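Working notes for the structure below.
All of the numbers you see were taken from the coordinates with simple rules; none came from a lab. Since this is a predicted model, take the numbers as computed values, not measurements. Virtual Cβ from ideal backbone geometry, glycine too; neighbours counted across all protein chains shown.
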Amino acid sequence: MTSQQVTDLLQKAYGDEIETVMNYLSNSIVLDGVRAEEIKESLQQDIQEELNHAELLGNRLKQLDERPPGSAAFEAHQMSLQPPEDSTDVLSVIDGVIEAEEDAISTYRALIDAAEEAEDHVTEDLAVQILGDEEAHRTEFRGFRKEYEK
Ligand SMILES: [Fe+2]
Ligand SMILES: [Fe+2]
């Protein structure tokens, strides 16, 4: 039997990935300046990875006889990741990305626990795999942060 908690977390994670794609895309377009170039490139790469995460989560929901939500069920949460008024304010985007990745990390940790509890090892395995990607994203942006602290 499918655990309700597993389904809820899969759907939440799916929505968060879509919101991340929206905000990484906007920020990768909005930012200006020499220092922004590397950040924009990194965001562009991550957009593809986050979209792939959403697809994997959606397919897992389908396998559990559930479905990924459409836009009517969408709720925005990433207030700190809105494109900055000042298009050269790269630091605010870096901080927003770190916060979004940390949020994703805690969601995937919760999903791992819930899936383990429900003995849903396929979902557990998927959450472990995605968690690894999110930790790598966080590490990359923490590195950018260090450069900006100088
Ligand atoms: Fe992701
Ligand atoms: Fe990520």
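In plain terms, if you count all Cα to Cα distances in the chain and split them into 10 Å steps from zero, the share in each step is 11, 41, 30, 14, 3, 0 percent. Counted by neighbouring Cβ atoms within 10 Å, the residues 88, 107, 2 run from fewest to most as 88, 2, 107.
Neighbour counting of Cβ atoms within 10 Å sorts the residues 9, 57, 131, fewest neighbours leading, into 131, 9, 57.
Model label points for residue 117 and residue 59, set 7 angstrom from Cα along the Cα-to-Cβ axis, are 2.8 nm apart.
Looking at segment 1-91, which GluC sites (Glu not before Pro) are DSSP coil and have at most 13 other C-beta atoms within 10 Å of their C-beta?
Hits after loop and neighbour filter: 75, 85.
Computed from Cα atoms, the angle from the helix 4-30 axis to the main principal axis of the chain rounds to 20 degrees.
Cross-chain or 8 or more residues apart, Cα under 30 Å: how many lysine pairs in the chain fit that? Count them up, please. If you can, show how the numbers build up before the last one.
On the way: 12/40; 12/62; 40/146; 40/150.
Lysine pairs satisfying the spacing and distance rule in the chain number 4.
Can you sort 14, 24 so the residue with the fewest Cβ neighbours within 10 Å comes first?
Details: 14 22, 24 28.
Sorted ascending by nearby Cβ count, the order is 14, 24.
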